[in-house]
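The values are calculated or read from the model by the stated rules, or taken from the named source; none is laboratory data. Small disclaimer: the values here were computed from a predicted structure and weren't measured. Cβ coordinates were reconstructed from backbone atoms using ideal geometry, including for glycine residues, and neighbour counts include every protein chain displayed. Just the protein is used for accessible areas: all its heavy atoms, side chains included, with ligands, DNA and RNA removed. Shrake-Rupley method; radii C 1.70, N 1.55, O 1.52, S 1.80 Å.
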Amino acid sequence: MTQRKRRRFGSIRRRSSGSYQVRYWGPDDVRHSAPMTFARKSDAERWLTLLEGRVIRGEWSPPSARRITLTQYAQAWIAQRSLEPRTRELYESQLRNHIEPYLGRKTLDTITPQTIRNWRQQLLEAGRSATVAAKSYRLLRAVLNTAVKEDQLIAENPCRIPGYDKEVSPERPVGTIPQVIALSELVAPRFRALVLLAAFTGLRWGELVAVRRCDLDLDAGTVRISRKFAELRDGRRVAGPPKSAAGVRVVALPAMLIDAMKRHLAEFPAEDEGLVFRGPLGAPLRRNNFHRSVRWSQSVVQAGLPAGFHFHDLRHTGNNLAAASGASTRELMHRMGHGSMRAALIYQHATGERDREIADALQFRIERELKEMGPIEGPRLGVDGPSLGQAPQKELGD
């Protein structure tokens with residue numbers, strides 16, 4: 001009589017009622033029971049075989065994932081993270097407006113790549129932009145990454161579709177130096193230095209309005225950035241550190257800007273811990289109030305800037321000017337307050353004007369060093385030999 005082999009995956013036992021119960025050890029090292037019993041042992045064995053295949057293919061998810069909806073998990077994910085107030089508001093808004101209406105009631109184990117493709121298509125058909133879809137996708141991917149790697153609720157992240165995380169934002173306009181000067185002359189005197197500081201340092205609005213008198217060292221010609229203000233949807237203003245560790249920095253000012261800041265402080269003095277830029281009644285600046293008080297939309301057009309030029313575009317202007325002045329990637333990262341090269345590289349696109357300046361500087365150095373060499377015997381570049389830019393002819397066989 002041959003002895004029947006014991007199953008290597010899972011076990012089956014007959015209950016007193018005559019039905020069969022299945023148990024197995026999951027990849028999470030927890031013993032689980034099948035969600036149902038089976039009338040025949042062959043049915044129980046077939047169920048275990050199919051389940052083993054799912055485990056081998058990495059498609060298994062624990063039973064708990066079948067009880068947790070995306071809304072429940074994502075809301076807890078946001079609540080449990082140490083986020084800046086403005087970032088928390090942004091994530092809550094993306095979840096509430098772009099994710100929950102389509103996916104919120106689905107349990108984690110039922111969300112597949114096809115579900116994600118359908119969701120994105122629904123977003124676009126509902127009029128959401130590709131940028132909104134990409135940002136919402138990145139948030140959803142981060143949430144589900146935690147479900148995979150930390151909580152082990154699902155085997156794989158369904159947000160693994162190439163290109164869905166990419167957004168192509170239209171290139172923002174930048175101003176010229178004369179346009180920036182003209183704009184600073186069109187706004188109220190108390191805001192002239194603010195416009196110039198934004199354009200020639202590339203600081204963010206939240207950093208600019210948080211600058212105190214003690215942050216300025218006009219003898220050294222620098223401004224120290226150690227905090228920022230964030231405006232929340234409910235009107236509250238929250239002070240906090242810059243967006244990243246790289247945001248804490250000291251930025252050098254051009255001489256013209258040092259003079260402008262001295263004139264500003266002479267006309268609008270501030271105590272050591274006092275804000276450099278304030279409203280007419282001494283209150284901290286709010287973006288909406290500032291735009292109204294300086295008639296921003298009309299002022300930018302009068303200065304020769306395109307309609308729709310935002311205050312944040314002054315930051316783009318400053319970064320472009322710094323890049324065109326020869327700042328390296330690392331130097332741009334420092335001025336911008338970024339910890340990665342990605343944003344800095346945007347401003348280092350080659351321009352014909354800058355390329356000509358590089359070529360002219362190279363020519364100047366060539367001429368200077370050739371002059372320092374003095375007369376020498378034999379052929380010399382640009383003298384007795386081949387001219388600059390003309391390669392010597394190769395011999396046959398080279």
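Considering only residues in the stretch 290-312 that are within 16 Å of Pro173 (Cα to Cα) and not hydrophobic (A, V, I, L, M, F, W, C), the one that is surrounded by the most Cβ atoms within 10 Å (Cβ to Cβ) turns out to be Ser299.
Tally time: how many residues in the stretch 167-225 are part of a helix (DSSP H, G or I) and touching a His at 6+ places or on another chain (Cβ under 6 Å)? So the answer is 1. Taking the stretch 226-263, which residues are touching a Pro at 6+ places or on another chain (Cβ under 7 Å) and in a loop (DSSP other than H, G, I, E, B)? Matches in the stretch 226-263: Arg227, Leu232, Val248. Arg128 satisfies every condition listed in (1) at pLDDT 95 or above; (2) assigned to a loop (DSSP other than H, G, I, E, B); (3) not hydrophobic (A, V, I, L, M, F, W, C) except (1). Take Arg31 and tell me if it is open to solvent by 40 Å² or more (accessible area, probe 1.4 Å), closer than 25 Å to Ala155 by Cα and in contact with a His (Cβ under 8 Å, 6 or more places away or on another chain). Answer is no for this residue.
Residues considered: Arg212, Arg249, Arg287. Of these, the only one that is open to solvent by less than 20 Å² (accessible area, probe 1.4 Å) and touching a strand residue (DSSP E or B) at 6+ places or on another chain (Cβ under 8 Å) is Arg249. When the strands (runs of 3 or more DSSP E) confined to the stretch 1-115 are screened for residues that are of a type in the set (Val, Ile, Thr) and on the phi < 0 side of the Ramachandran plot, those reaching at least 1 such residues are found at 11-14, 20-25. The residue of the stretch 79-110 that is nearest to Leu144 (Cα to Cα), among those that are among the β-branched types (Val, Ile, Thr) and surrounded by fewer than 18 Cβ atoms within 10 Å (Cβ to Cβ), is Thr110. Only residues that are open to solvent by less than 40 Å² (accessible area, probe 1.4 Å) and touching a residue at least 12 places away in the same chain (Cβ under 8 Å): list them for the stretch 145-163, please. Scanning the stretch 145-163 gives Thr146, Ala147, Leu153, Ile154, Asn157, Pro158, Cys159, Ile161. Looking only at the stretch 196-224, residues that are closer than 11 Å to Leu257 by Cβ and in contact (Cβ under 8 Å) with a residue 60 or more places away in the chain come to 7 in all.
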